[in-house]
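What follows is a short report on a single structure.
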């Protein structure tokens with residue numbers, strides 16, 4: 001790729017663009033946030049980075065990934081996509097971390113109705129793990145999904161700021177091969193790992209009371225009209241924008257809704273099926289909070305932009321006291337290859 005610019009004399013100056021970075025041909029982040037600031041620093045943030053031709057990355061890239069520290073994890077040979085197979089492995093990993101932190105905790109998973117997330121295979125697997133699923137209605141992730149509303153815009157802007165600063169330090173304005181790892185890891189740590197997301201859950205209506213609903217959600221939905229109940233078959237079909245007259249969807253509805261009914265009938269104090277217990281490092285809780293009261297005279301979008309500028313002043317912060325980031329080679333079943 002070649003780029004052009006005009007010099008002071010008006011002539012075109014041509015320079016070669018960036019060399020194609022085959023260490024990052026497709027990347028997906030499986031981000032996880034919760035409403036407990038003590039648990040948040042332990043939740044796995046999984047990066048699915050596709051190396052060229054879906055091969056395992058070379059040793060120097062693996063070393064760069066390991067230096068970013070936990071709870072970042074890099075799953076190789078995944079093609080860079082979050083398939084149903086990957087989602088099930090992610091659920092096992094999250095349950096293991098949560099139950100290592102609190103063995104008696106029930107996990108309520110809130111996500112959208114993507115076909116990758118919401119299918120009979122994944123729903124049955126999550127039910128066996130004891131994970132309850134709360135589905136965000138179709139076409140409403142921009143309003144109700146915490147990561148889309150409160151996290152991803154800040155994360156992407158933070159990454160772009162750090163990459164731009166790295167280009168400014170290079171005499172040719174280029175990014176070295178594999179240089180995406182450090183700014184992405186630093187942004188994930190600043191925006192997701194070390195940040196308390198309890199206020200975001202409350203704003204979206206996922207707090208202890210619907211009275212905590214604020215902002216655009218409150219303007220769209222009157223909290224007085226929010227009633228807690230399980231959806232019937234056709235209501236669930238309208239909510240996820242699917243046909244209700246298929247056997248597969250009936251099974252999906254029975255699996256998701258039936259799990260809530262089963263848990264409701266359990267005696268008080270019943271603990272869920274425990275996942276694998278793993279040792280957790282001694283780290284400080286996530287204490288950084290986003291508070292509108294700190295941004296007087298600004299709306300939500302302007303306040304978030306100010307937060308990004310403040311975080312950009314502390315670039316490339318290395319993790320202290322963290323073990324090396326976990327790395328795994330994912331093996332697919334023959335039917336998925």
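Only the coordinates and a few stated rules stand behind these numbers; no lab work does. Everything numeric in this text was worked out from a predicted model, so none of it was measured. Positions of Cβ are backbone-derived with ideal geometry, glycine not excepted, and every protein chain shown enters the neighbour counts.
Computed extension length for residue 63-residue 106: 11.9 nm, one decimal, from 0.36 nm per residue of separation with the Cα-Cα distance subtracted.
All alpha carbon pair distances within segment 84-321 were sorted into 10 Å bins beginning at 0; the resulting P(r) in whole percents reads 6, 24, 31, 25, 11, 2, 0. Under a no-solvent Debye model with one identical scatterer per Cα of segment 154-206, what's log10 I(q)/I(0) at q = 0.16, 0.19, 0.21 Å⁻¹? At q = 0.16, 0.19, 0.21 Å⁻¹ the computed log10 ratios are -0.56, -0.68, -0.76. Spacing of the modelled spin labels on residue 92 and residue 167, each 7 Å from Cα toward Cβ, amounts to 4.1 nm. Between residue 148 and residue 84, the contour length at 0.36 nm per residue exceeds the alpha carbon distance by 21.0 nm. Computed over Cα pairs, the Kirkwood radius of segment 59-122 leads via Stokes-Einstein (0.890 mPa s, 25 °C) to a diffusion coefficient of 175 µm² per second.
Of the peptides 213-223, 29-39, 238-248, 110-120, the order by per-residue mean of other Cβ atoms within 10 Å, starting with the highest, comes out as 29-39, 110-120, 213-223, 238-248. Given a cut-off of under 8 Å on Cα pairs at least six residues apart, what relative contact order in percent is computed for segment 84-321? Relative CO of segment 84-321 lands at 31 percent.
Which length gain, in nm to one decimal place, applies between residue 225 and residue 247 when the Cα-Cα distance is subtracted from 0.36 nm times their residue separation? Present the calculation step by step, with values, prior to reporting the outcome.
Numbers: separation 22, 0.36 × 22 = 7.92 nm, distance 3.22 nm.
Full extension from residue 225 to residue 247 adds 4.7 nm.
Based on the reciprocal of the average 1/r between different C-alpha atoms, the Kirkwood radius for segment 207-246 equals 12.1 Å. Summarising the label geometry, the points placed 7 Å from Cα in the beta-carbon direction at residue 235 and residue 265 lie 2.0 nm from one another. Most tightly packed first, judged by the mean number of other beta-carbon atoms within 10 Å of their residues, the peptides 97-109, 41-53, 78-90 read 41-53, 78-90, 97-109. Treating r as the C-beta distance of residue 121 and residue 55 and R0 as 22 Å, the FRET efficiency rounds to 0.20.
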